[in-house]
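Participant: Here it is, the structure in full.
The values are calculated or read from the model by the stated rules, or taken from the named source; none is laboratory data. None of the values given here were measured: they were computed from a predicted structure. Positions of Cβ are generated from backbone atoms using ideal geometry, with glycine treated the same way; all protein chains shown enter the neighbour counts. For the accessible areas, the whole protein counts, side chains as well, though only heavy atoms, and no ligand, DNA or RNA atoms are used. Shrake-Rupley method; radii C 1.70, N 1.55, O 1.52, S 1.80 Å.
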Amino acid sequence: MDDLRQFEDSESEHEHGPSWMPPVSPLHIMPQRFDRLGAVRHKHPTSLMQMAWRFLAFAPPLTVSLVLVIGFTNWLSSGGVMALEATLIALVAMTFVWVSLSVTSVLIGVLRSLCSAPVAPAPKGQGCDIALTMLTYNEDPVPVFANALAMAESLAKADTNHRFSFFLLSDTQDPVIAQQEQAVFMHMKARAPLDIPMFYRRREKNTDRKIGNIADWLGRWGGTYEGFLVLDADSLMSADAICGLADRLESDEDAGLIQSFPRLIGAQTIFARMQEYASFAYGTYLSKGLAAWAQNDGNYWGHNAIIRCKAFAQSAHLPRLGRAQSLILSHDFVEAALLRRAGWKVYFDEAINGSYEETPPSLIDHAIRDRRWCRGNLQHLRLLGARGLSWVSRFHLLQGAVGFLLAPAWLILILIWSALELVPMEEHAYFNAANPLYPVWPMMSELDGGMFLALIYGMLLLPKILGALGMMGKAELRRIYGGRMRIALVTAGEITLSIIYAPVLMIQQTRAVLMALYGRAGWAPQSRDAETRSWGATIRFHWIETVLGGAMIAGCAVGVLSVWLMPVATSLILAVPLSRFSAVSRLTFGMIVPDSVSPPPERQHALQLREILAARVKGMSDLATTKPHFGTDRVLSGRITPSKVVASPQVR
């Protein structure tokens, strides 16, 4: 009773507006520490097959990178290796390991697709109580709640023994959006199926952000449920996918977290279509390869994953960092590592289809999201020495940070390569008098240089080429795209656009790293719509790229920099029009995916519900002068009907 009274007391302090939640069912949460172990269930030994996949994933990148470093060292060692050259070699080693790792992961994914039998779905059991938790923060409530309602109505028709409840957990701080959320929820709840209870809670203070939102729900209502499915504001899942994850959780008592592979969906702009096509064509094999070598030491991407409530409460509640008590921003990787440390399995479920998410619609929106992610991922470097983590979990943490550090590494690599050209010729004869813009590296033949260059570019493009070849081998995809040549042309177009945008993204990610290091990175809500920004706003966002591109072009013109930098410089100086072009929604360049040709039923139904909810809310805002007030007894029943609404005066 003391615990219950504590949660009831905190409800009045942290929530705002009427209560649309069920009775409290507390679950004890155990805070964790990084310098000591908590309770450990039991360790699962690594099998020979798991070790074989990991050897195939990591041995080739390390070997090839070592050979490349030795080659570059011999290449640049005439007369001794300067500090710039040594830094160049180190950067080549760092970048090439990660590039080649993606290649081996894709190759493993291709092998698994060709040789492995499909993963069998989990058997159906007696069923358990599962909560679907959809988290939102200052989002347009209509598409968010429409997705939730579409999933609820789909689950109501599903053949399953599980019992589902839907929780919309809002951390919205904007009072206007908060009022819209309550209005949309009222209409959504009136339509929701009786056997899928719908609940809504908004915290007046978003303490600890998403971590606090989940902890608040888990500690106060998690005791009722065996597992909870985490959904972001743009998440959408089919009933088969949700039930499949629930079946897997029920059948595997050691499973602490099961992550699905979300597919990108709903792309309307040229930039979003690039991301969507790349995710479908290449990301599928990359995901299969990742699942192969990660095994039970998998990762968590923060959404579209099911988690065992007891496991999460006992072993994954995050402490704050350091003396400053900093909040861990990118929590998902760390929570997966802590679950694994406690002996729970964390893995990817390849058998799940029907898991979807959206992607930022423009270059600027993508860069803003990167700023949010970058600061959190760089925090992971401070956790690499946390006690008890598996080496694979540490690698996931490192990989997330390096994913952002590669951008400044590539930038520094380019600058150093250019700086080597400024070394006096009598000290290092890199250039001949006849053609001062063409470097003649010491101890380096043209054949060797071409081989190194081909190796680097080949490794960068090989995952995409492999993905395209995989698509060409499937009759259904050949029919959708119009043959192998059409797939090749579309892939070439996506590669071309990716190369054009790569320098701009490199500068933006470098800027994100610097902002994170200086603590200036914000945590703004994600934009979902392709809003057209003014030319002035776009120029202010991309002025650094524009200035840097102009300086590089000037350097090439006067002979200070080599002309091989011109493609990079051209992209940078055109950053503003390229950014505006990224938000264009009328072009596809053939970059469509099967879900674009034939949207899944869940997507179609969610779009219809958006129109219905938007029309009802608009009608209410035009006509109503009172705000509905719901009695607690009516809310706890799990459904509100129009006949049970009692109006109370509300000043607008």
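Participant: In region 342-357, which residues are open to solvent by 10 Å² or more (accessible area, probe 1.4 Å) and either out of contact with any strand residue (DSSP E or B) (no Cβ under 6 Å at 6 or more places or on another chain) or of a type in the set (A, V, I, L, M) (or both)?
Facilitator: Tyr347, Glu350, Ala351, Ile352, Asn353, Glu357
Participant: Residue by residue through region 35-52, note down the ones that are open to solvent by less than 40 Å² (accessible area, probe 1.4 Å) and at pLDDT 80 or above.
Facilitator: Gln50
Participant: While we're here: Given the criteria crowded, with 24+ Cβ neighbours inside 10 Å, farther than 30 Å from Arg112 by Cα and within 16 Å of the chain's Cα centre (by Cα), does Ala233 qualify?
Facilitator: In short, yes.
Participant: Here's something else I'd like to know. Has region 14-23 got at least one residue that is under 30 Å from Gln180 (Cα atoms), touching a Phe, Trp or Tyr at 6+ places or on another chain (Cβ under 6 Å) and at pLDDT below 90?
Facilitator: Among the residues of region 14-23, at least one is under 30 Å from Gln180 (Cα atoms), touching a Phe, Trp or Tyr at 6+ places or on another chain (Cβ under 6 Å) and at pLDDT below 90, which makes the answer yes.
Participant: A further question follows. Residue under question is Arg308, and the condition is that it be under 13 Å from Ile211 (Cβ atoms) and either without any contact (Cβ under 8 Å) to a residue 24 or more places away in the chain or buried (at least 22 other Cβ atoms within 10 Å of the Cβ) (or both); does it hold?
Facilitator: Details: under 13 Å from Ile211 (Cβ atoms): no; either without any contact (Cβ under 8 Å) to a residue 24 or more places away in the chain or buried (at least 22 other Cβ atoms within 10 Å of the Cβ) (or both): yes.
No.
Participant: Would you point out which residue out of Lys205, Lys189 is charged (D, E, K, R) and either within 18 Å of Ala150 (Cβ to Cβ) or outside any loop (DSSP other than H, G, I, E, B) (or both)?
Facilitator: From the options Lys205, Lys189, the qualifying one is Lys189.
Participant: Does Leu169 meet the test of being touching a residue at least 12 places away in the same chain (Cβ under 8 Å), open to solvent by 20 Å² or more (accessible area, probe 1.4 Å) and in contact with a Lys or Arg (Cβ under 9 Å, 6 or more places away or on another chain)?
Facilitator: Against the criterion (touching a residue at least 12 places away in the same chain (Cβ under 8 Å), open to solvent by 20 Å² or more (accessible area, probe 1.4 Å) and in contact with a Lys or Arg (Cβ under 9 Å, 6 or more places away or on another chain)), Leu169 does not qualify.
Participant: Okay, moving on. Against the definition (of a type outside the set (Ser, Thr, Tyr), under 30 Å from Leu578 (Cα atoms), at pLDDT below 95 and in contact with a Pro (Cβ under 7 Å, 6 or more places away or on another chain)), how does Gln268 come out, yes or no?
Facilitator: yes
Participant: Can you name every residue in region 273-282 that is among the small types (Gly, Ala, Ser) and open to solvent by 10 Å² or more (accessible area, probe 1.4 Å)?
Facilitator: Ala278, Ser279
Participant: Within region 196-207, is there a residue that is in contact with a Leu (Cβ under 9 Å, 6 or more places away or on another chain), buried (at least 21 other Cβ atoms within 10 Å of the Cβ) and closer than 22 Å to Ala337 by Cα?
Facilitator: No, region 196-207 has no match at all.
Participant: What helices (runs of 4 or more DSSP H), lying completely within region 275-348, carry at least 2 residues that are closer than 28 Å to Met591 by Cβ and modelled with pLDDT under 90?
Facilitator: Fully inside region 275-348 and qualifying: 284-294.
Participant: Another question, then. Within the set of pairs 6 or more residues apart or between chains, which connect a residue that is farther than 22 Å from Gln508 by Cα inside region 547-563 to a residue that is outside any loop (DSSP other than H, G, I, E, B) and open to solvent by 40 Å² or more (accessible area, probe 1.4 Å) with Cβ atoms less than 7 Å apart?
Facilitator: Cys556/Val563; Cys556/Met566
Participant: Of all residues in region 99-147, count the ones that are in a helix (DSSP H, G or I) and surrounded by 16 or more Cβ atoms within 10 Å (Cβ to Cβ).
Facilitator: The total comes to 22.
Participant: How about region 311-329: which of its residues are in contact (Cβ under 8 Å) with a residue 60 or more places away in the chain and either among the aliphatic types (A, V, I, L, M) or open to solvent by 10 Å² or more (accessible area, probe 1.4 Å) (or both)?
Facilitator: Phe312, Ala313, Gln314, Ala316, His317, Leu318, Pro319, Leu321, Gly322, Leu327, Ile328, Leu329, listed by residue number.
Participant: Has region 121-128 got any residue that is under 20 Å from Asn353 (Cβ atoms) and in contact with a strand residue (DSSP E or B) (Cβ under 7 Å, 6 or more places away or on another chain)? Reasoning before the result, please.
Facilitator: So the first thing to find is which residues in region 121-128 are under 20 Å from Asn353 (Cβ atoms), and the list is 121-124.
Still in the running and in contact with a strand residue (DSSP E or B) (Cβ under 7 Å, 6 or more places away or on another chain): none.
Looking for residues that are under 20 Å from Asn353 (Cβ atoms) and in contact with a strand residue (DSSP E or B) (Cβ under 7 Å, 6 or more places away or on another chain), one finds none in region 121-128, hence no.
Participant: Let me ask something additional. Kindly indicate whether Arg340 is of a type in the set (Lys, Arg) and under 24 Å from Glu276 (Cβ atoms).
Facilitator: In short, no.
Participant: Somewhere in region 252-266, is a residue assigned to a helix (DSSP H, G or I) and either without any contact (Cβ under 8 Å) to a residue 40 or more places away in the chain or not charged (D, E, K, R) (or both)?
Facilitator: Going through region 252-266, the residues assigned to a helix (DSSP H, G or I) turn out to be none.
No, region 252-266 contains no residue that is assigned to a helix (DSSP H, G or I) and either without any contact (Cβ under 8 Å) to a residue 40 or more places away in the chain or not charged (D, E, K, R) (or both).
Participant: Any chance region 259-272 includes a residue that's farther than 18 Å from Asn304 by Cβ, open to solvent by less than 10 Å² (accessible area, probe 1.4 Å) and polar (S, T, N, Q)?
Facilitator: Within region 259-272, one or more residues are farther than 18 Å from Asn304 by Cβ, open to solvent by less than 10 Å² (accessible area, probe 1.4 Å) and polar (S, T, N, Q).
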